[in-house]
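Let me begin by presenting the structure, written as structure tokens, before commenting on it.
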Amino acid sequence: MEVLSAGLIVSDILAHPVDPGIFGMDSQALENVTFATGGDALNVAVNLARLGVDVGLAGVVGDDAPGRDILAKLAAAGVNCDNVAKSGKNRTSTCIVLCEKSGERHFLYYGKCNHEFAEHMVSDGALSKISILNVGSAMALDSLDGEGLTKLFWRAKRYGVTTTLDLTHDSSGKWLKKVEGALEHTDVFIPSFVEAKTLTGKDEPEDMAEFMRKYGLKVFGVKLGERGCYITDFKEAKTVPAFACEDVVDTTGAGDAFMSGFICGLLRGFGPFDCAKLGAAAGNFCIRKIGANGHLPDYGTLKSFAGLA
């Protein structure tokens, strides 16, 4: 197995298009309701499988119909699920995604099952067999955030594993306190602009990068939405532009698609800026369809679209 993606696993229900004024309306007819899989870690795993990467997923699902459906879909997608545990007390985490016509989305989330996921659920045996450990769900994993994430990344580094980290919104408001220890054992960290601003207190990507320099990261980036992504290896910095997309349907999972392309690039030996091009290309394919994952082409097509030899 080349990559283990650990963290959020979600059963998604996507409603499209939802009028922004829905809470002032009695009802609204929808064009589509889609039942799908989601969650940062799962999205990255499915996307990497589409790109031909030998990938596994670590997390927790419920012992219920949605959980069994997720496992069946992951198996069909070619994702190893040996490190996915079943909860004995909570239902599979579920997200209702309200998608506006513009592509913007709003989430209603139940996540008790994901909060069970803890550091000890990823064994040393699993870490010894992988090249990259990705955690894309920091801030939303109550049993892992903080000391648990720090220990998990420390253990991964003992086996020479490359660690990649992405965030989601921290509803507790602790932010940097939850990830500061783990950052010292992180190789690649690429939050969104809002997340990076909240973590660092800085307004410009260059200043955010300077704040992050002390943690010893190999690569730091800031996702800038339609403007692309700022990337630095602390020797050189570039803003890699996004690929234009006139038919944006749903931006759900775009950041996870970016990370999928970036991680694939790392595995294939690209430098950080070309990895970001692959990430931008993956994000472009993601936002053209409804759903958070499974829309990426094969690796050759993605590489060609990104303009890489």
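Since every read-out is calculated from the coordinates, none of them should be taken as a lab result. Here the structure is a predicted model, which means the values were calculated and not measured. Note that we place each Cβ from the backbone using ideal geometry, even for glycine, and neighbour counts take in every protein chain shown.
Over all directions, the projected convex hull of the C-alpha atoms in the range 217-309 averages 5.6 nm² in area. A Cα-only calculation for the range 1-134 places Rg and Dmax at 16.3, 55 Å.
When +1 charges are put on Lys and Arg Cβ atoms and -1 charges on Asp and Glu Cβ atoms, the dipole computed for the chain relative to its Cα centre reaches about 680 debye. All C-alpha pair distances within the chain, sorted into 10 Å bins from zero, spread as 6, 29, 38, 22, 4, 0 percent across the bins.
In the range 1-57, the ratio of gyration radius to Kirkwood radius, Rg to Rh, stands at 1.20 when only Cα atoms are counted. Descending by average beta-carbon neighbour count within 10 Å, the peptides 39-48, 106-115, 92-101 line up as 39-48, 92-101, 106-115, the highest first.
In a fully extended conformation the segment linking residue 29 and residue 86 would gain 16.9 nm over its present Cα-Cα distance, using 0.36 nm per residue. Scaled against 2.2 N^0.38 Å for its residue count N, the alpha carbon radius of gyration of the range 141-278 is 1.03. One chain, two ends: residue 19 and residue 75. Fully extended at 0.36 nm per residue, the span grows by 16.6 nm beyond their Cα-Cα distance.
Here's the list of aspartates and glutamates a cross-link from residue 238 could span, going by alpha-carbon distance under 12 Å and ignoring same-chain residues fewer than 8 apart: 206, 274.
May I ask for the Rg/Rh ratio of the range 118-213, computed from Cα atoms with Rh as the Kirkwood radius, given to two decimals? Over the Cα atoms of the range 118-213, Rg/Rh equals 0.97.
How big is the dipole moment of the range 11-104 about its Cα centre under a simple scheme where the beta carbon of each Lys and Arg is +1, that of each Asp and Glu is -1, and everything else is neutral? Debye, nearest 20, please.
Taking the Cα centre of the range 11-104 as origin, the dipole is about 340 debye.
Look at the alpha carbon pairs under 8 Å that are at least 6 residues apart: their mean separation over the length of the chain gives a relative contact order of 17 percent. Annotation: lysines with alpha-carbon distance below 28 angstrom to residue 73 (same-chain offsets under eight excluded): 86, 89, 101, 112, 129, 289, 303. Working from Cα pairs under 8 Å separated by at least six residues, relative contact order for the range 59-179 is 22 percent. Counting only whole DSSP H helices of the chain, the ones at least 15 Å long by C-alpha along their axis and with mean Kyte-Doolittle hydropathy no lower than -0.5 are 40-50, 65-77, 254-267, 272-286.
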